[in-house]
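Notes to accompany the following structure.
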Amino acid sequence: MSVTTYWAEHAWLPHANGPVVERDVSITVADGRITRVAPDSGPCPPGAVRLAGLLLPGQANAHSHAFHRALRGSVQVGSGTFWTWRDTMYRFAGALDPDSYLALATAVYAEMALAGITSVGEFHYLHHAPGGGRYADPNAMGHALIEAAARAGIRITLLDTCYLSSGFGAEPTKPQLRFSDGDSDAWAERVSALRAAEHARIGAAVHSVRAVPAGQLGTVAQWATETGAPLHVHLSEQTAENDACLAAHGVTPTRLLADHGVLGPRTSAVHATHLTDEDIRLLADSSTNICMCPTTERDLADGIGPARRLASAGCPITLGSDSHAVIDPFEEARALELDERLHTRTRGHWTANALLRAGGQDGHASLGWPDAGRIEAGALADFTVLALDSVRTAGPPPALGAETAVFAASAADVRHLVVGGRHIVKDGVHQLVPDVAAALSTTIAALRS
Ligand SMILES: [Zn+2]
């Protein structure tokens, strides 16, 4: 058994009355799990790994499309809509194969590690070769993503996505041919052959009510139920989707998902931007998770979703960087509160503690890692350490570490990342990918050429 003791100058720890920042915290890790957490343990003992700053649970990025990272910057020129942005995204999607996706995703997941993210939910629909031809391994792209997470040292839940149509009753368009398995039974057969790993779990996704015909939603939901897997779905990000769903089925997307057994406590609805009162009730009554992606939602001019109302009604809230316009879990967290302030012209909708829970415990649970996202004995030894002496974080007392993390820190303040007891980021340097910026630059340049 390998045993390591980490010693944190400060740590955000669970407490009967809510989380508090404790000091001089000794954390013993054996075989990837925390076995003991001791606050006020005195100076760093000899042989322990000293972690200066504030230790937080590792953050879960609950919604990612890794290849969207290649669009950064180039989609900020000119104007356009969600739908013109999507055309650019499809051009990059068309350039990827399993080898280039492995290289790109390794770099993207390494960027996530440097930003404090220990687990990613990869909403993956780029399954087949351009035009729809099958690779020798029909899961070659999914397996490349699982391998990429291993190389970057983080956990992954591969949310293998069923994507069959371009709209209600419409065949896939040319760029979408590589997303489609033909029907949901073929999707289930392929997904059943995916190989999980110690760092990787397999989940399911419905791309959207646009992309899976209503009569086939139940197959995906049933596969997730039988395997106990997380099930994610894009929901009502754009009003056009709601309008088309109402025209085709006479109900909202949320009602359609509810009627076909897609909602529930293992399900995450991503975005949930444009909802009716009944939609909110359906999501809350089913304890469906809501994954908000504020930096993407603002980038794509989606609107501000009713996250506060959903949370108050009973939905756990999680966070994702989705299109990776930026990768910064602290920016996602504060955006939830700050967007609500702009919308309501009042302050104080979310506490910093609640937002750290969204990125930590609730995010992990939504990805099928219920034993991560908490610093306590028995939990997976996944943690993130933020500097409290940077130009952004210096000044506030350590007792306000949660508020400093959420409302002032950025990904650049992450000093350490530990995943399953392994020290993946040390003093701001990724230990497995030597030059993450160069890896991003090289892999993205190759896609442009
Ligand atoms: Zn998405």
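Values as computed for the structure displayed
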| read-out | value |
| --- | --- |
| Segment 147-162, residues that are open to solvent by 10 Å² or more (accessible area, probe 1.4 Å) and under 24 Å from residue 221 (Cα atoms) | 155 |
| Residue, nearest to the ligand (Cβ to nearest atom), within segment 30-53, restricted to residues that are surrounded by 19 or more Cβ atoms within 10 Å (Cβ to Cβ) and closer than 20 Å to residue 369 by Cβ | 34 |
| Test for residue 205: is it within 20 Å of residue 188 (Cα to Cα), open to solvent by less than 10 Å² (accessible area, probe 1.4 Å), in contact (Cβ under 8 Å) with a residue 60 or more places away in the chain and of a type in the set (A, V, I, L, M, F, W, C) | yes |
| Residue that is nearest to residue 290 (Cα to Cα) [pool: residues in segment 250-277 that are hydroxyl-bearing (Ser, Thr, Tyr) and within 16 Å of the ligand (Cβ to nearest atom)] | 268 |
| Residue that is farthest from residue 413 (Cα to Cα) [pool: residues in segment 1-29 that are touching a Ser or Thr at 6+ places or on another chain (Cβ under 7 Å) and surrounded by fewer than 22 Cβ atoms within 10 Å (Cβ to Cβ)] | 3 |
| Count - residues of segment 210-243 that are away from the ligand (no atom under 16 Å from the Cβ), in a helix (DSSP H, G or I) and open to solvent by less than 40 Å² (accessible area, probe 1.4 Å) | 9 |
| Where residue 56 falls short, out of the listed (1) more than 16 Å from the ligand (Cβ to nearest atom); (2) surrounded by fewer than 20 Cβ atoms within 10 Å (Cβ to Cβ) | (2) |
| Counted residues, segment 311-349 - those being buried (at least 22 other Cβ atoms within 10 Å of the Cβ) and of a type in the set (Ser, Thr, Tyr) | 3 |
| Residue pairs meeting the criteria (Cβ under 7 Å; at least 6 apart or on separate chains; first under 21 Å from residue 233 (Cβ atoms), in segment 310-337; second within 16 Å of the ligand (Cβ to nearest atom) and among the charged types (D, E, K, R)) | 319/332; 321/332; 323/299; 324/69; 324/72 |
| Residues located in segment 121-140, provided they are among the charged types (D, E, K, R) and buried (at least 19 other Cβ atoms within 10 Å of the Cβ) | 122 |
| Hey, residue 86 open to solvent by 20 Å² or more (accessible area, probe 1.4 Å), at pLDDT 95 or above and within 16 Å of the ligand (Cβ to nearest atom) or not | no |
| Residue 62 being in contact (Cβ under 8 Å) with a residue 12 or more places away in the chain and more than 29 Å from residue 400 (Cα to Cα) | no |
| Subset of segment 293-309 [of a type in the set (D, E, K, R) and farther than 12 Å from residue 331 by Cβ] | 297, 302, 308, 309 |
| Hey, residue 62 within 16 Å of the ligand (Cβ to nearest atom) and modelled with pLDDT of 95 or more or not | yes |
| Selection count where residues are surrounded by 20 or more Cβ atoms within 10 Å (Cβ to Cβ) and under 16 Å from residue 360 (Cα atoms), scope segment 383-403 | 6 |
| When residues of segment 94-120 are limited to those that are surrounded by fewer than 20 Cβ atoms within 10 Å (Cβ to Cβ) and out of contact with any helix residue (DSSP H, G or I) (no Cβ under 6 Å at 6 or more places or on another chain), the one nearest to residue 239 (Cα to Cα) | 97 |
| The one condition in (1) over 17 Å from the mean Cα position of the chain (by Cα); (2) open to solvent by 40 Å² or more (accessible area, probe 1.4 Å); (3) closer than 21 Å to residue 201 by Cβ that residue 380 fails to fulfil | (2) |
| Residue check, residue 267 touching an Asp or Glu at 6+ places or on another chain (Cβ under 7 Å) and of a type outside the set (A, V, I, L, M, F, W, C) | no |
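The values are calculated or read from the model by the stated rules, or taken from the named source; none is laboratory data. Predicted model, so just to flag it, every value in this text is computed and none were measured. Quick reminder, even Gly has a Cβ in these numbers, built from the backbone with ideal geometry, and neighbours come from all protein chains shown. Remember, those area values only see protein heavy atoms, side chains included, never the ligands or the DNA or RNA. Shrake-Rupley method; radii C 1.70, N 1.55, O 1.52, S 1.80 Å.
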